[in-house]
Amino acid sequence: AQHRITMLVLNNQQTRKRYIFFLLQAVARSSSSASSCQSNMVTSYPLLEKWQQSHDSFLLRFGLPPSTKFLGTDPMLPTCISVHHNSTILGKDNSPVGLLKKSYSPISHPATEGTFDLLVKAYTPVPGGGVGDAICNLNVGQSLVGKLKSERLVHGSPVIAKRWNRIGLVACGTGIAPLIQLARIILDDPTDDTKVYLLSINRNEDDILMRKEIDQLEKEHPSRFHVSYSLTGKNLRSDWEGYVGRGSVDMAKNALPPPSSSDGKATMIFVCGTDGFRDMWAGPIARAPPLPDGSKGPKIQGDLLGVLKEA
């Protein structure tokens, strides 16, 4: 299953509609222009190191071309790369699938020089899929092929740092990847006093990806980074002290920051996971108006629904 990020502002109904309108304009504009020439270039990135994170997930470190200092165009803006893979798996009609593309957000800070890290789950290849499995089966020295995606605009700007007083991050499985990058951007800046609240939801305790790194960040930033875990599996150990379940109003109120309207401070909530997880927490993604060429408009934030609306 692919993961998509949903961006929401917890506020009153009138303000929420205004923010959705801004996001609609921002995404439509973003789709028509690339952030730099590098965004249009397909590049090979050699695999330098590889670590297994769970039974089916890997952390992979890739090198940048010698002439490239950072993966992105700005060391303080989130990055995302479109991975290209020529699949050998036949489609449902037994015809060749050809080139597959899938987007991955690095977990490393955008200011990391010379390399970037991806967290990838090796889903069993199915017709029309197999990108994650192909990445996880790369050997050191082999290369990933892809290109940098355009900057993701959030309410009209790609900037994340110093925009809100509080940020909530709700992650399901490998949905932690783009969210941990956001957390690192904010926490790495000692002049940014934004408080970050992470809620990581997984089936079993062994499935919690990057737990060591997450807990270390909390130790390094005890007043700014607050972490909660929830498990959905059936066989939990008796002394498990985290939450249980995929999400609830009580969980949202206790693990995430309060809405903006509650005290005048600005709150932003990011949700990343499978489509079903995102819909349960925040509602389905909508589409902007069709593009001038008649093709579908870009996916955008829809009306706020689910757990976050009830909370």
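Some notes on this structure:
- Derived scalar couplings between HN and Hα for segment 113-121 equal 8, x, 8, 8, 10, 10, 9, 10, 9 Hz in order, rounded to whole Hz, by the Karplus curve 6.51 cos²θ - 1.76 cosθ + 1.60 (θ = phi - 60°), x for Gly and Pro.
- Oblate is the label for segment 138-208, because a/c, from the alpha-carbon gyration tensor with a ≥ b ≥ c as root eigenvalues, is 1.5 or above and a/b does not exceed b/c.
- The string of couplings for segment 183-196 from the Karplus curve (6.51, -1.76, 1.60, θ = phi - 60°) is 4, 5, 4, 6, 6, 6, 9, x, 8, 9, 9, 4, 9, 10 Hz, one whole number per residue in order, with x for Gly and Pro.
- The largest accessible area among Thr112, Thr124, Thr73 belongs to the first residue in Thr124, Thr73, Thr112, and the rest follow in falling order (1.4 Å probe, all chains).
- Label-point separation in nm, Asn139 to Asn86, each point 7 Å along Cα→Cβ: 1.9 nm
- In this structure, the amide hydrogen of Ser108, modeled 1.01 Å from its nitrogen in the peptide plane, lies closer than 5 angstrom to those of Asp117, counting only residues at least 5 positions away or on a different chain.
- Under 5 Å from the amide H of Arg287 lie the amide H atoms of Ile300, each residue being 5 or more positions distant or on a separate chain, with H modelled from the backbone and absent for Pro and chain starts.
- Computed E for Lys212/Ala286 - FRET, C-beta separation, R0 41 angstrom, nearest 0.05: 0.65
- Solvent exposure of segment 93-180 amounts to 38 Å² per residue of accessible area, where only protein heavy atoms count and the probe is 1.4 Å.
- A Förster radius of 45 Å, combined with the Cβ-Cβ distance separating Ser157 from Val126, puts the computed FRET efficiency at roughly 0.75.
- Extending 7 Å from Cα along the Cβ direction at Val244 and again at Lys299 yields two label points whose distance is 3.3 nm.
- Ala122 long-range amide H proximity, modeled H, under 5 Å: Ser57, Phe58
- Relative contact order computed over segment 207-311 (Cα-Cα under 8 Å; 6+ residues apart), in percent: 19 percent
- For segment 240-309: rounded, prolate or oblate by the Cα gyration tensor [a/c cutoff 1.5]: oblate
- Pairs of Cα atoms nearer than 8 Å and 6+ residues apart set the relative contact order; for segment 72-195 it is 30 percent.
- Ranked order, Leu71, Leu305 - accessible area, probe 1.4 Å, largest first: Leu305, Leu71
- Too-long pairs where the Cα-Cα distance tops 27 Å, listed order kept, from Lys149/Lys299; Lys121/Lys299; Lys121/Lys195; Lys101/Lys299; Lys50/Lys234: Lys121/Lys195; Lys50/Lys234
- Among the protein heavy atoms of segment 220-278, carbon and sulfur supply 46% of the accessible surface, probe 1.4 Å, non-protein parts ignored.
- Cβ crowding within 10 Å averaged over residues, with 153-162, 217-226 ranked highest first: 153-162, 217-226
The values are calculated or read from the model by the stated rules, or taken from the named source; none is laboratory data. The structure presented is a predicted model; accordingly, all values stated were derived computationally and were not measured. A quick note on method: Cβ atoms are made from the backbone with ideal geometry, for glycine too, and the neighbour counts reach across all protein chains shown. Accessible surface is based on the protein model in full, side chains and every heavy atom, while ligands, DNA and RNA are left aside. Shrake-Rupley method; radii C 1.70, N 1.55, O 1.52, S 1.80 Å.
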